[in-house]
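The values are calculated or read from the model by the stated rules, or taken from the named source; none is laboratory data. Everything numeric here is computed off the predicted structure, so don't read it as measured data. Here the Cβ positions follow ideal geometry from the backbone for every residue, glycine too, while neighbour counts run over all protein chains shown. Note: accessible area is taken over every heavy atom of the protein model, side chains too, but ligands, DNA and RNA are not part of it. Shrake-Rupley method; radii C 1.70, N 1.55, O 1.52, S 1.80 Å.
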2 protein chains.
Amino acid sequence: MAVATQTPTKTLEEICINSIRFLAVDAVEKAKSGHPGLPMGAAPMAFVLWDKFMRVNPKNPKWFNRDRFVLSAGHGCMLQYALLYLSGFDSVTIEDIKQFRQWGSRTPGHPENFVTAGIEVTTGPLGQGIANAVGLAMAEAHLAAKFNKPDAKIVDHYTYVILGDGCNMEGVSGEACSFAGHLGLGKLIALYDDNHISIDGSTDVAFTEDVSKRFEAYGWHVLHVEDGNTDLEGIAKAIEEAKSVTDKPSMIKVTTLIGYGSPNKQNTAGVHGAALGGDEVALTRQNLGWEHEPFVIPQDALDHMQKAIERGAKAESEWNKALSDYKSKYASEAAEFERYVSGKLPDGWEKVLPTYTPEDKGVATRKHSETCLNKLATVLPELIGGSADLTHSNLTEIKGKGDFQKGHYENPNVHYGVREHGMGAIVNGMALHGSGLIPYGATFLIFTDYMRAAIRLSALSEAGSIWVMTHDSIGQGEDGPTHQPVETIASLRAIPELTVIRPADGTETSGAYKVAIEKSKANAPTLLAFTRQNVPNLAGSSIEGVTKGAYTIVDSQGTPDIILIGTGSEVSLCVTAAEKLTSEGKKVRVVSMPSWELFEAQDAAYKESVLPKAVTKRVSVEAGVSFGWHKYVGTEGATVSIDTFGASAPGPVCMEKFGFTVDNVLATAKKVLG
Amino acid sequence: MAVATQTPTKTLEEICINSIRFLAVDAVEKAKSGHPGLPMGAAPMAFVLWDKFMRVNPKNPKWFNRDRFVLSAGHGCMLQYALLYLSGFDSVTIEDIKQFRQWGSRTPGHPENFVTAGIEVTTGPLGQGIANAVGLAMAEAHLAAKFNKPDAKIVDHYTYVILGDGCNMEGVSGEACSFAGHLGLGKLIALYDDNHISIDGSTDVAFTEDVSKRFEAYGWHVLHVEDGNTDLEGIAKAIEEAKSVTDKPSMIKVTTLIGYGSPNKQNTAGVHGAALGGDEVALTRQNLGWEHEPFVIPQDALDHMQKAIERGAKAESEWNKALSDYKSKYASEAAEFERYVSGKLPDGWEKVLPTYTPEDKGVATRKHSETCLNKLATVLPELIGGSADLTHSNLTEIKGKGDFQKGHYENPNVHYGVREHGMGAIVNGMALHGSGLIPYGATFLIFTDYMRAAIRLSALSEAGSIWVMTHDSIGQGEDGPTHQPVETIASLRAIPELTVIRPADGTETSGAYKVAIEKSKANAPTLLAFTRQNVPNLAGSSIEGVTKGAYTIVDSQGTPDIILIGTGSEVSLCVTAAEKLTSEGKKVRVVSMPSWELFEAQDAAYKESVLPKAVTKRVSVEAGVSFGWHKYVGTEGATVSIDTFGASAPGPVCMEKFGFTVDNVLATAKKVLG
């Protein structure tokens, strides 16, 4: 590999590239924290991409038809901040760059879409970004297939990604890229910054596979730019060629030197994740012929890069004209397209959600979920989703609609394959495409463990993802403890900003979907936990009750002696136990508590009305760990719970053996009553 | 693909294969639950492998030098139970097979190593098994490199795996297989049951990549048996060829028909995960010419397969002789080898663990962890581990020892690359190799989200894995909320059988390792959470205190007015706050609570002595979510906690802004005191 050498005269392009490099070098130096290596090495490819290809409008970062750019190697975020600043985005000023990684800044240590306009998705946890990008490209393909006409392409953009060795080592990227290859997403173009260095040193210590061959195996179109440090024309040609292949995603391996220009640190792990240090910064300036003070960018470079403003305004204006034509020709499609993009729900959408009475046959809540999804699909065509190879167990198919496949991107049913983590990140990408899609992903509740990083990121990055999880307890049965969640609900409730709902019956399932759809449109994720097994429809269950998180479903006259708090399939145990206790002269309240987070969001008066402080005798009943329940049952209460792993046996046997029976609820309640 | 056709005369081999098939068919039929398709299709390859290659001793399933067999596609466990039964293992009788998937049986719905002798690892969650197998093969390579002599190979076995399409779709398998290719693990041989069917139907709907090419890209030796249904010789030749390639792992793609023999269901998803149904069972009997009643195996098949008993006894006896020779020639190595295999710790090993006084410089607990690991490595050569590309952040290197690499398998430092999930499953595999290794895996605490399925399986499957997690709070700092755990500790505490320890200082770190090492030898995992930032060494901290989970570190005369409960880096805040409160005349106790699980394991008297019921004014202080703390602070207490995501800023700024200050602890305590 060539060692970087100084060239005496600088072209304007080189000056622009060095502008990116030194913004990164100096910001990291000032913060004494950060990752200069990637921006220094990837500056050429990033410059070529943004200068010659990216269609964005810096003055309207949310312009719908913009190309999406994802820095999957999120630790190199100074690259992205430099691009935004130099291209004229108002979200990143030179002052913001000086505040890199400081409290309250718009330039946090990894790119955060909810902080900085121009950032599409939150990256940093490696591999997520490239998988999000697959979701962005799927969203584009879906909308294009839905709305474009032979004479009017109103949805037409590329999704570009820069990813590194770290991303390529992560399984989540493999899952998503295998799927992208399967789908033939031709407008997804990934630039792989092949610099042979990760934190532990040379990739030789751990990562010697042939990445290009692997992507070919996935069905990608693969290219290689051998000198990514100086061959700007080669980079441009590769991107052109990638664009020309429309039936496969493209991966351009761009071989670079990490920390290019730093005489003593380039091509070492030392430049990956730490400031260069004053002396090396000076030497790098000397080596690259950079005579400017920190944070000073030559005017000609700024002028050149800010041409993006004019280009972007022109592009948006042309698109606006095209959209206007489209409106006049295709009024109803245009109205629907605009509704999508506005993120508004059609009036009365929620009326399709069914309610039930105790006379209605009790079925599994996963079955109610299927009903809800299919009812909702009749009024919300923006629903798009599927399962990680458990379609007919999760019951997530929208019937009568086709599968989302190559050549059939207009269809809503996605078959993710056994790729939970990839699915999670893809769903987040679709949610963050900004086109009003309501994406959902499904698997067994236990397998949220495989995709937890993506679920967490949905909550952190304000993605309106809906997680449809079935087989939500030891009621799962014969598959045994590897497949039976016990701690799973608790572990998900612990995630900030994630709403977890475990409905008790059909009506509560409708309530759960009402919340999930509204939250999706408000850019917040919801996780729904459904039973495998049948549950009765309860008297008193209500959609409104679900929206409040917890509510009284059975009550006594006057102050209760005891409150039984149930969730999901265990609420009916509480109801039956309450009947028996009442017949024995006790005053019993049953609270159905499908969602802790929704309950916590209520005001103090409502909370007191449901769980009065004066009633300290309380029993929670949930087929999961007791972890966390002491907040609601207090020191005088008790939990009916399972604090061990489950076992392989028919579901009803498991429930009985582990104490989820009316008798055990009764016995526990009597013990608490004293 | 050829349709299965009935052949009129059966060879003994065919009868053996059909014995496997019908044990699976009939057991699933009886249970009305399970997965017949894989056993029916994979029976030929499994038969050839077990009949011609597997070196196991059915009457001593734990014989050290046995070949390891992993059914990564764990849902097909009837295949494995059939093999164990037919080969003469006492752990699976025909009665056990009749109890398939029933309460308390030794034939649960997925293979569980802790239930059934002969099962090496717990599989079912897809992709885990193949990754476990990489760990098993690494353990073999490590011990062979350590103990074998040119004239004495006492460690010498293969690791065989059967995996399916589902496993190959999962990212965790990609991570582990890429790593196995890097390491050149020649004695790892995987048979890929290429049947083109997963639960959603044909793999055409989601999985059309070229798997063989991908494995070639990983650096594997790849073979293909085109007719895995009948070409027994081809299967045997392929395994022979795989064995002959010693510098690469081998993947044999074996193309089969799922549900082979079922006239109406073979090659469909219908046979994947459901009983065939009585009519189809009858038709399958007819089609395959199987005239036996359910659970009746022809004596000649049994006789043939039970030759494994004699073969195994002979193999073990030869090995015992070899070991005996080894002992006489290499006494000290033999003694050490026998100590390894016995799982015993050397006397006095724990004396190397340092203790500290407040005068000792306060450093980060990750730094104390490095000291402990390096001290322990001087007395416990069975320590083997490393980081997922964060070696110098996690500080997990055993200094002066080399890296575990191809040709250097004797070294203990493993560079996992950015493959957290793969690492997790590999560590479990090493722990379950049964050779006394103490394996550890490290990354940032937040990235337990990537490997949670493997951590859970360590707890479920009784693997003595040690999870070394650093950067354990918002004290992580500038990297921001994507890298800052807040809910992570809580979510891990929720996992049954996992011990989580978050030590406060150097002495507590030693205590944490004392517990982790002892638990590893007792086949239980421990997760250690260490700070990035420096913490003072506290007066009164103790190793013994850690072993009890929680203990009084500062106390008052008489009954305290208030108890401050801290963990990790926040204990010192409690200590300083207590000093101030004491100076204001309050009686204050500080409890350091590094481990909830260890505390819960104490008797009631001890618990009462630390947290007396009479003292209801309590404050917990932990830089994480409040979730779960109400169990200890009760209804009159309070938590100093962070129930939102963190932020990008220097660690001390984050701690201050989110209220982890002495002032805020004081203010909260005073509020609770009223």
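A compact table of results
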read-out	value
Candidates A:E120, A:E95 - the one that is away from every other protein chain (no Cβ under 14 Å), touching a strand residue (DSSP E or B) at 6+ places or on another chain (Cβ under 7 Å), on the phi < 0 side of the Ramachandran plot and acidic (D, E)	A:E120
Looking only at the range B:148-161, and only at residues there that are open to solvent by 10 Å² or more (accessible area, probe 1.4 Å) and either assigned to a strand (DSSP E or B) or in contact (Cβ under 8 Å) with a residue 60 or more places away in the chain (or both), the one that is nearest to the other protein chains (Cβ to nearest Cβ)	B:Y158
Tabulated pairs, the range B:231-247, first in the same structural domain as B:L49 (by TED's automatic domain parsing), second exposed (fewer than 15 other Cβ atoms within 10 Å of the Cβ), C-beta under 6 angstrom, 6+ apart or interchain	B:A236/B:K52
Subset tally (residues that are under 30 Å from B:K406 (Cα atoms) and part of a loop (DSSP other than H, G, I, E, B)) for the range B:231-284	5
Count of residues meeting criterion [open to solvent by 10 Å² or more (accessible area, probe 1.4 Å) and more than 8 Å from chain B (Cβ to nearest Cβ)] in the range A:213-237	14
Considering residues of the range A:452-465 that are out of contact with any Lys or Arg (no Cβ under 8 Å at 6 or more places or on another chain), within 13 Å of another protein chain (Cβ to nearest Cβ) and not hydrophobic (A, V, I, L, M, F, W, C) only, the residue surrounded by the fewest Cβ atoms within 10 Å (Cβ to Cβ)	A:E462
Some residue of the range A:162-176 being more than 14 Å from chain B (Cβ to nearest Cβ) and either small (G, A, S) or open to solvent by less than 10 Å² (accessible area, probe 1.4 Å) (or both)	yes
Residue in the range B:261-281 that is among the hydroxyl-bearing types (S, T, Y), more than 26 Å from B:A206 (Cα to Cα) and buried (at least 16 other Cβ atoms within 10 Å of the Cβ) present	no
Selection from the range B:134-179 of residues that are of a type in the set (A, V, I, L, M, F, W, C) and under 17 Å from the mean Cα position of the chain (by Cα)	B:V134, B:L136, B:A137, B:M138, B:A139, B:V161, B:C167, B:V172, B:A176, B:C177, B:F179
Output for the range A:190-209, where each listed residue is within 7 Å of chain B (Cβ to nearest Cβ) and touching an Asp or Glu at 6+ places or on another chain (Cβ under 8 Å)	A:S198, A:I199, A:D200, A:V205, A:A206, A:F207
Failed criterion for A:P503 (all others in (1) open to solvent by less than 10 Å² (accessible area, probe 1.4 Å); (2) away from chain B (no Cβ under 13 Å); (3) not in a loop (DSSP other than H, G, I, E, B) hold)	(3)
Single unsatisfied condition, B:F660 versus (1) assigned to a loop (DSSP other than H, G, I, E, B); (2) open to solvent by 30 Å² or more (accessible area, probe 1.4 Å)	(2)
Condition broken by B:D479, with the remaining ones in (1) within 13 Å of the chain's Cα centre (by Cα); (2) crowded, with 24+ Cβ neighbours inside 10 Å; (3) charged (D, E, K, R) satisfied	(1)
Criterion (open to solvent by less than 30 Å² (accessible area, probe 1.4 Å), without any contact (Cβ under 8 Å) to a residue 60 or more places away in the chain and closer than 24 Å to A:D165 by Cα) met by exactly one of A:G34, A:G41, A:G74	A:G74
First in the range B:194-207 and in the same structural domain as B:A43 (by TED's automatic domain parsing) and assigned to a strand (DSSP E or B), second anywhere and buried (at least 24 other Cβ atoms within 10 Å of the Cβ) and of a type in the set (A, V, I, L, M), Cβ under 6 Å, 6 or more apart	B:I197/B:I258
Single match in B:G129, B:G109 (criterion: under 24 Å from the mean Cα position of the chain (by Cα) and within 15 Å of B:A190 (Cα to Cα))	B:G129
Enumeration of residues in the range A:392-402 that are free of Cβ contacts under 8 Å to residues at least 60 places away in the same chain and open to solvent by 10 Å² or more (accessible area, probe 1.4 Å)	A:H392, A:E397, A:K399, A:G400, A:K401, A:G402
Residue in the range A:602-611 that is part of a loop (DSSP other than H, G, I, E, B) and either within 14 Å of chain B (Cβ to nearest Cβ) or among the β-branched types (V, I, T) (or both) present	yes
Scope the range B:506-536; condition within 20 Å of B:T357 (Cβ to Cβ), open to solvent by 10 Å² or more (accessible area, probe 1.4 Å) and out of contact with any strand residue (DSSP E or B) (no Cβ under 9 Å at 6 or more places or on another chain); matching residues	B:K514, B:P536
Filter result (hydroxyl-bearing (S, T, Y) and either outside the structural domain of A:N168 (by TED's automatic domain parsing) or out of contact with any Pro (no Cβ under 6 Å at 6 or more places or on another chain) (or both)) within the range A:51-98	A:S72, A:Y81, A:Y85, A:S91, A:T93
Number of the condition not met by A:V468 [criteria: (1) out of contact with any Pro (no Cβ under 7 Å at 6 or more places or on another chain); (2) more than 9 Å from chain B (Cβ to nearest Cβ); (3) in a helix (DSSP H, G or I)]	(3)
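Quick grid of which residues meet (1) under 23 Å from A:A459 (Cα atoms); (2) modelled with pLDDT of 95 or more; (3) small (G, A, S):
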residue: B:L611; (1), (2), (3): no, yes, no
residue: B:T616; (1), (2), (3): no, yes, no
residue: B:E636; (1), (2), (3): no, no, no
residue: B:D643; (1), (2), (3): yes, yes, no
residue: B:G651; (1), (2), (3): yes, yes, yes
residue: B:F660; (1), (2), (3): no, yes, no
residue: B:N664; (1), (2), (3): no, yes, no
residue: B:K671; (1), (2), (3): no, yes, no
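Okay, residues lined up against (1) within 30 Å of B:L23 (Cα to Cα); (2) more than 34 Å from the chain's Cα centre (by Cα); (3) crowded, with 17+ Cβ neighbours inside 10 Å:
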{"position": "B:E293", "(1), (2), (3)": "yes, yes, no"}
{"position": "B:I297", "(1), (2), (3)": "yes, yes, yes"}
{"position": "B:K307", "(1), (2), (3)": "yes, no, no"}
{"position": "B:S324", "(1), (2), (3)": "no, no, no"}
{"position": "B:Y340", "(1), (2), (3)": "no, no, yes"}
{"position": "B:D347", "(1), (2), (3)": "no, no, no"}
